[in-house]
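Here's the structure we're looking at; comments come further down.
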Amino acid sequence: MAIRTIRVMGDDILNKTSKPVKEMTDKVRTLINDMLDTMYDAQGVGLAAPQVGILKRIVVIDVSENADNPIILINPEIVKTEGEQTDNEGCLSVPGKAGTVTRPEYVEVKALDENMEPISLCGNGLLARAFAHEIDHLDGKLYVDLVEGELHDVANDEEDE
Ligand code: NI
């Protein structure tokens with residue numbers, strides 16, 4: 001178990017485009033496990049590799065109530081969206097802040113799993129929001145550029161993505 005340092009807004013790496021993962025290696029496996037540890041430790045519902053300083057297209061998400069249902073996405077792509085949802089959003093790289101962001105209500109993604117096997121996943125609501133938010137990280141995009149109105153301060157116990 002290893003918790004990695006989460007990069008915060010202002011760190012250039014968060015604005016860079018991540019590179020696809022070509023093969024599963026021990027190093028990538030360790031990175032994924034560390035990303036999960038780091039996400040759970042920070043009580044987030046999602047984390048992208050550039051947030052721990054690695055420019056690889058890897059995302060971990062867990063929107064389950066008990067934080068016991070991790071989703072691992074390698075080289076994810078959004079293949080379909082439907083509808084709209086407007087809600088509060090936060091990010092572990094923008095600690096203590098949140099803002100209103102409109103995202104698709106429904107998102108379908110294709111990706112590779114941790115065995116480099118193709119997978120398709122879909123989600124509504126918070127999961128759809130997490131897919132969109134985390135995949136944006138892989139293209140160097142932060143939610144703060146999508147916020148309607150102003151960022152506001154949040155209490156420490158609110159969920160961050
Ligand atoms: Ni984020």
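Things to note:
- Residues satisfying the stated conditions in the stretch 41-54, i.e. surrounded by 24 or more Cβ atoms within 10 Å (Cβ to Cβ) and more than 10 Å from the ligand (Cβ to nearest atom): A49
- Per-region count, the stretch 112-147, residues within 16 Å of V8 (Cα to Cα), part of a loop (DSSP other than H, G, I, E, B) and over 15 Å from the mean Cα position of the chain (by Cα): 0
- Tallying residues that are among the small types (G, A, S) and within 13 Å of the chain's Cα centre (by Cα) within the stretch 55-107 yields 2.
- Across the stretch 112-146, the number of residues qualifying as more than 16 Å from the ligand (Cβ to nearest atom), under 22 Å from K56 (Cβ atoms) and either surrounded by 23 or more Cβ atoms within 10 Å (Cβ to Cβ) or among the polar types (S, T, N, Q) (or both) comes to 2.
- Counting residues in the stretch 92-107 that are β-branched (V, I, T) and more than 23 Å from A128 (Cβ to Cβ) gives zero.
- Scanning the stretch 151-160 finds no residues that are touching a Phe, Trp or Tyr at 6+ places or on another chain (Cβ under 9 Å) and assigned to a strand (DSSP E or B).
- In the stretch 54-67, the condition of being closer than 17 Å to R129 by Cα, β-branched (V, I, T) and out of contact with any helix residue (DSSP H, G or I) (no Cβ under 9 Å at 6 or more places or on another chain) is met by no residue.
- The stretch 55-95: number of residues that are more than 16 Å from the ligand (Cβ to nearest atom) and among the small types (G, A, S): 3
- Within the stretch 6-20, if we keep just the residues that are in contact (Cβ under 8 Å) with a residue 24 or more places away in the chain and more than 24 Å from N75 (Cβ to Cβ), the residue that is most open to solvent (accessible area, probe 1.4 Å) turns out to be M9.
- Residues (buried (at least 21 other Cβ atoms within 10 Å of the Cβ), in contact with a Gly (Cβ under 7 Å, 6 or more places away or on another chain) and either at pLDDT below 95 or part of a loop (DSSP other than H, G, I, E, B) (or both)) located in the stretch 67-111: L92
The values are calculated or read from the model by the stated rules, or taken from the named source; none is laboratory data. The model shown is predicted, which means the values in this text are computed figures rather than measured ones. Every residue, glycine as well, gets a Cβ built from its backbone with ideal geometry; the counts of neighbours run over all protein chains shown. When the accessible area is computed, the model is the full protein with side chains, heavy atoms only, and any ligands, DNA or RNA have been set aside. Shrake-Rupley method; radii C 1.70, N 1.55, O 1.52, S 1.80 Å.
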